[in-house]
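Here's the structure, in structure tokens; my notes come after.
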Amino acid sequence: MQNALSIAILGGGPGGLTLARILHLHGIKATVFERDTHALARPQGGSLDMHPETGQRALQLAGLHDAFQALARYGDQGNRAYAPDGALLFDDANLDGDTPEIDRSQLRQILLNALPSGCVRWDQKVEALRPLPDGRHALVSAGVEDEAFDLVVGADGASSIVRPLVSSAQPAYEGVTIFELGIDDIDQRYPALAALSGHGKMFVKGSNTLLAAQRNSNAHVRLYAAIRMPLDAVRSHSITSPDTRRWLASTFAGYAAPFRELIEVATLLAVRPMLALPVGHRWANQPGLTLIGDAAHLMSPFGGEGANGAMADAADLALLLARGGEWREAVLAYETMMFPRAEAAAFGAGQGLRGAVAADQPAHIARHMQQGISPRPDK
């Protein structure tokens, strides 16, 4: 009976691919519909820290512990905090930590390598879902014959097309925009700048601004320039605009010279307004539909729970479906399990964003780090 269940997963990020992989291990076929034309069609973002109870657990259940360990960077878990004038406020190499880093692109490739041929359908942007009289849903895509599935899982992020079918909630702007930048081969090209973040993450907190640097693999450093600003002002900026580069430089003009230089030499990769669903977002169970990851609980990245939460969702849903019995009851059980976990994570992420990009003193960041809380600007 399980194998007769037809499952469509919309979105080939960490959550969707983890779900497909664990289902595959239990003999349950799923098809992943991904809008990208291939795995590296667009920037995948920076490094992720995999938490033991969520991301690492999901990789264990996916049978990918060894593949993860081969790439996990336990030496890149350090945290540093500076004042805008360059004074070092906090420094911890965190060599005993258990949240190792891995590049998002590497994690995605590990999952892709573990899926059977044809499981992921690239260049398949699903535009709508059409309910059918038998309770299934047909996926509507341009130029592709509609296919019907018993269960459609929205792993399709902030702009999910599945979410409106189960909930009226809409992501709202949280008042902060992150300008994402990158520096390649930083150790050879800019050794003095590379030393600022060392092996891990660096945070510099100003008034309603935050500059974070994060070491990735292959001597790449990802920068996150976070600024509290109106949404209307965000719309005037783009990664190709010289005016945006000049505006960024002026916004961080009060920072010490090395921090300004980081921004000057980096390539602008993305402009990301921070959006979030309401804390405690829930919906009434809808037969044949459910959500995981950002589609279900989009939140501020200042908590590092994005990919970890999505993978935890995927693991829980897959295991419940694999137990057998009535699959609709398994979906309901998953949602009941996920809602409180996501609420707690979203509450913490919101607090993290409000504290990290605020008008108070830079010592706020150091205090959080001393308490073991790292205000990650990525997911």
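The values are calculated or read from the model by the stated rules, or taken from the named source; none is laboratory data. This is a predicted model, so every value here is computed, not measured. Positions of Cβ are backbone-derived with ideal geometry, glycine not excepted, and every protein chain shown enters the neighbour counts.
Where helices (runs of 4 or more DSSP H) fall wholly inside the stretch 150-266, the ranges with 1 or more residues that are among the polar types (S, T, N, Q) and modelled with pLDDT of 95 or more are 186-189, 242-251.
Could you grab me the full set of residues in the stretch 107-156 that are among the small types (G, A, S) and on the phi > 0 side of the Ramachandran plot? Result: G118, G135, G143. Among the residues of the stretch 79-101, those identified as touching a strand residue (DSSP E or B) at 6+ places or on another chain (Cβ under 6 Å), more than 11 Å from F203 (Cα to Cα) and either of a type in the set (D, E) or buried (at least 19 other Cβ atoms within 10 Å of the Cβ) (or both) are D92, N94, T99, P100, E101.
Scanning the stretch 45-93 for residues that are of a type in the set (K, R) and closer than 17 Å to Y224 by Cα yields a single hit, R80. Considering the stretch 22-114, the qualifying helices (runs of 4 or more DSSP H), each wholly inside and each with 2 or more residues that are within 19 Å of L223 (Cα to Cα), run over 104-113. The set of residues in the stretch 313-364 that are within 30 Å of F149 (Cα to Cα), buried (at least 16 other Cβ atoms within 10 Å of the Cβ) and β-branched (V, I, T) contains only V331.
Every residue, every condition in (1) at positive phi; (2) in contact with a strand residue (DSSP E or B) (Cβ under 7 Å, 6 or more places away or on another chain); (3) surrounded by 14 or more Cβ atoms within 10 Å (Cβ to Cβ); (4) assigned by TED's automatic domain parsing to the domain that holds H199, yes or no:
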position: I227; (1), (2), (3), (4): no, yes, yes, yes
position: D232; (1), (2), (3), (4): no, no, no, yes
position: T240; (1), (2), (3), (4): no, no, no, yes
position: T251; (1), (2), (3), (4): no, yes, yes, yes
position: A256; (1), (2), (3), (4): no, no, yes, yes
position: H281; (1), (2), (3), (4): no, no, yes, no
position: M299; (1), (2), (3), (4): no, yes, yes, no
